[in-house]
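Notes follow once the structure below has been shown.
The values are calculated or read from the model by the stated rules, or taken from the named source; none is laboratory data. What you are looking at is a predicted structure, and each value in this text was computed from that prediction instead of being measured. No Cβ is skipped: glycine too gets one built from the backbone with ideal geometry, and neighbour counts run over all protein chains shown. The area values use the complete protein model at the heavy-atom level, side chains included, leaving out ligands, DNA and RNA. Shrake-Rupley method; radii C 1.70, N 1.55, O 1.52, S 1.80 Å.
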Amino acid sequence: MSQLKNLQPERVFYYFHKITKIPHGSGDTDKIASFCVNFAKEHNLRYYRDDANNVVIYKNGTKHLKDAEPVILQGHLDMVCQKTEDNTIDFSKDALDIFVDGDFIKAKNTTLGADNGIAVACVLAILESDTYAHPPIEAVFTTDEETGMIGATKLDTSVLSGKKMINIDSEEEDTMTVSCAGGSDFKVFFNFERETVTGTEIELTLKGLLGGHSGIEIDKGRVNSNILAGRVLNHLKSTGFDLLSVDGGNKTNAITNLTKIRLCANNKDEFIKEATEYLEVIKNELSVREPDFTYQIKPLENGTFSAISNESAYAVIYALACVPNGVIDMSAEIQGLVETSLNLGILETDERNIKMHISLRSNKETTMNALEEKLSAFFECLPCEFSVSDKYPSWEFNNNSTLQKLYKEVYENETGKALKVEAIHAGLECGVFASKIKDFDCISIGPDMFDVHTVKERLSVSSTERIFKILLKVLENCK
């Protein structure tokens with residue numbers, strides 16, 4: 001606890017530090033779920049755990065609030081695991097290397113997991129305490145939020161009696177989120193034969209891009225390295241090369257910031273010359289938008305290689321060069337809100353397939369359906385297979401929310417500042433719960449976090465303290 005021991009609220013950062021020591025990447029939540037169950041047992045609290053590793057912990061209300069309506073406090077257990085190229089961490093077993101830098105907590109060359117570990121830590125600190133006033137609490141910790149809200153979708157909400165929920169998965173202290181986008185995953189598979197070719201193997205790496213969350217940062221013009229790879233490969237076709245593999249990204253909801261291309265060049269010198277000239281053009285073009293973008297062209301060995309057949313390679317290059325990506329449409333109702341977008345988050349090559357995994361988002365179901373149909377029409381013309389999966393609902397604005405009114409009042413009284421009330425283009429589990437619970441009333445809040453889903457992720461200590469105090473005040477006034 002040495003790194004965080006002097007921070008306040010002490011018990012919040014105590015639990016946050018514990019969480020950073022437990023592997024909890026998406027799809028690997030057994031240990032963190034067991035940690036929550038053991039917490040409940042140690043504090044004599046009733047709990048529920050399902051096959052998806054969702055955990056619900058129940059605590060009675062205190063004193064005059066014991067007969068109040070229950071409030072659901074909700075966050076997710078999984079984190080996005082990203083690291084720098086030279087980092088050797090094994091996310092399945094190693095602790096994060098966290099440190100304090102001024103007002104911020106960071107992790108050395110990895111994501112921090114404050115999204116959403118800080119929510120879990122705040123709720124555990126409340127459940128542990130006998131001094132905070134609150135109504136009955138149903139603490140809901142869901143799993144695999146980052147890979148399609150799988151845990152929330154699988155949760156049997158009949159184990160909950162509350163209809164009011166405070167989700168702690170937002171990233172701006174001065175903002176209360178009241179609506180979010182729905183989404184789906186569009187998966188494409190190019191099946192191919194391999195053929196033997198001769199020449200020089202070259203590894204081309206596109207790196208140093210900002211990346212970021214494919215919902216929150218999608219409107220900032222950040223370049224997706226997978227899409228950039230398509231542009232580069234399409235331009236270089238005339239040099240004569242055979243494609244061996246192309247790989248970039250491992251999370252659909254992260255704007256990919258590094259893509260590696262392996263190819264066999266017929267004329268090494270001509271390829272390197274043309275590639276260098278074109279990538280310098282791109283680097284200059286992106287110098288303001290992506291100041292840290294760089295590339296590496298690494299010739300390896302001469303020899304014989306197993307390449308993707310030309311027909312399949314050209315189809316993949318065409319798809320990468322032409323598939324829509326980024327913002328599709330802005331909202332006409334809410335100024336500044338991205339209404340519909342998509343992100344090619346995963347590009348992966350194995351022995352017989354190239355997989356494209358595209359994350360779709362929209363605040364309107366009809367425009368989501370239209371985007372799915374547009375992609376289907378595009379890929380129907382190519383030699384591939386595709387499917388739509390992991391759909392999750394949007395969360396519509398509630399004009400009659402008592403939680404919105406209470407939180408706004410408490411926030412502005414405590415801080416003396418106006419609270420922003422916003423809809424977001426990113427997905428939140430609130431939409432899943434809203435689709436399952438009748439007469440649902442929900443808000444989403446959270447402390448200041450920056451560059452989530454990237455190795456630059458950082459959490460504000462002072463903002464966490466303020467948000468925790470405001471949350472306690474709201475609970476004290478939930479009647």
Which condition breaks for Lys237 when tested against (1) open to solvent by 40 Å² or more (accessible area, probe 1.4 Å); (2) assigned to a strand (DSSP E or B)?
(2)
Considering only the stretch 319-371, state which residues are in a loop (DSSP other than H, G, I, E, B) and among the acidic types (Asp, Glu).
Glu333, Asp350, Glu351
Do you know which of the residues in the stretch 195-225 that are touching a helix residue (DSSP H, G or I) at 6+ places or on another chain (Cβ under 9 Å) and at pLDDT below 95 is farthest from Asn267 (Cα to Cα)?
His213
Within the group Ser26, Ser34, which residue is closer than 17 Å to Asp144 by Cα, without any contact (Cβ under 8 Å) to a residue 12 or more places away in the chain and of a type in the set (Ser, Thr, Tyr)?
Ser34
Phe104 - would you say it is out of contact with any helix residue (DSSP H, G or I) (no Cβ under 9 Å at 6 or more places or on another chain) and among the aromatic types (Phe, Trp, Tyr)?
no
Hey, any hits in the stretch 78-86 for a residue that's closer than 19 Å to Thr157 by Cβ, out of contact with any Pro (no Cβ under 7 Å at 6 or more places or on another chain) and of a type in the set (Val, Ile, Thr)?
no
Of the residues Glu172, Glu195, Glu203, which single one is surrounded by fewer than 21 Cβ atoms within 10 Å (Cβ to Cβ) and not in a strand (DSSP E or B)?
Glu172
Test result for Asp247, of a type in the set (D, E, K, R) and open to solvent by 40 Å² or more (accessible area, probe 1.4 Å):
yes
Going through (1) touching a strand residue (DSSP E or B) at 6+ places or on another chain (Cβ under 6 Å); (2) over 15 Å from Ile358 (Cα atoms); (3) modelled with pLDDT of 95 or more one by one, Ser179 fails only at (3)
Filter result for the condition that a residue is at pLDDT below 95 and of a type in the set (Asp, Glu), over Glu385, Glu333:
Glu333
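Restricting attention to the stretch 61-91, and to residues there that are assigned to a loop (DSSP other than H, G, I, E, B), touching an Asp or Glu at 6+ places or on another chain (Cβ under 6 Å) and farther than 19 Å from Asp247 by Cβ, which single residue is least open to solvent (accessible area, probe 1.4 Å)?
It comes out as Asp78.
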Which of the residues belonging to the stretch 87-129 are among the polar types (S, T, N, Q) and either closer than 19 Å to Pro23 by Cβ or at pLDDT below 95 (or both)?
Asn87, Thr88, Ser92, Asn109, Thr110, Thr111, Asn116
Restricting to the stretch 151-165, and then to whatever is surrounded by fewer than 22 Cβ atoms within 10 Å (Cβ to Cβ) and under 23 Å from the mean Cα position of the chain (by Cα), can you tell me which residue is modelled with the lowest pLDDT?
Thr153
Being closer than 30 Å to Asn109 by Cβ, open to solvent by 10 Å² or more (accessible area, probe 1.4 Å) and either outside any loop (DSSP other than H, G, I, E, B) or of a type in the set (A, V, I, L, M) (or both), is that true of even one residue in the stretch 372-382?
no
Which condition from (1) more than 30 Å from Phe104 (Cβ to Cβ); (2) not in a loop (DSSP other than H, G, I, E, B) is the one that Ser34 breaks?
(1)
Result of the Cβ filter at 7 Å on the stretch 113-126, keeping first residues that are assigned to a helix (DSSP H, G or I) and partners that are surrounded by 24 or more Cβ atoms within 10 Å (Cβ to Cβ) and among the polar types (S, T, N, Q), at least 6 apart or interchain, is Ile118/Thr464
Tell me, yes or no, whether the stretch 262-281 has at least one residue that is farther than 18 Å from Phe305 by Cα, charged (D, E, K, R), in contact with a Ser or Thr (Cβ under 7 Å, 6 or more places away or on another chain) and without any contact (Cβ under 8 Å) to a residue 60 or more places away in the chain.
yes
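Here's the yes/no breakdown for (1) over 25 Å from the mean Cα position of the chain (by Cα); (2) open to solvent by less than 10 Å² (accessible area, probe 1.4 Å); (3) among the basic types (Lys, Arg); (4) within 30 Å of Ser179 (Cβ to Cβ):
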| site | (1), (2), (3), (4) |
| --- | --- |
| Leu258 | no, no, no, no |
| Arg262 | yes, no, yes, no |
| Tyr278 | yes, no, no, no |
| Ser287 | yes, no, no, no |
| Glu290 | no, yes, no, no |
| Ile328 | no, no, no, yes |
| Leu344 | no, yes, no, yes |
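Being over 20 Å from Ile358 (Cβ atoms) and of a type in the set (S, T, N, Q) is the filter here; which residues of the stretch 199-214 pass it?
Kept after step one, since they are over 20 Å from Ile358 (Cβ atoms), are these residues of the stretch 199-214: 199-205, 207-208.
Across the stretch 199-214, the qualifying residues are Thr200, Thr205.
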Residue that is touching a helix residue (DSSP H, G or I) at 6+ places or on another chain (Cβ under 7 Å) and not small (Gly, Ala, Ser), where the choices are Asn109, Asn60, Asn87, Asn53:
Asn53
Checking Ala133 against (1) open to solvent by 10 Å² or more (accessible area, probe 1.4 Å); (2) of a type in the set (A, V, I, L, M); (3) closer than 21 Å to Asn398 by Cβ; (4) in contact with a Leu (Cβ under 8 Å, 6 or more places away or on another chain), only one condition comes out false. Which one?
(3)
Quick one: which residue in Ser389, Ser435, Ser359 is under 29 Å from Thr143 (Cβ atoms), more than 20 Å from the chain's Cα centre (by Cα) and among the small types (Gly, Ala, Ser)?
Ser435
Hits in the stretch 303-317 - residues which are surrounded by 12 or more Cβ atoms within 10 Å (Cβ to Cβ), of a type in the set (S, T, N, Q) and outside any loop (DSSP other than H, G, I, E, B)
Ser306, Asn310, Ser312
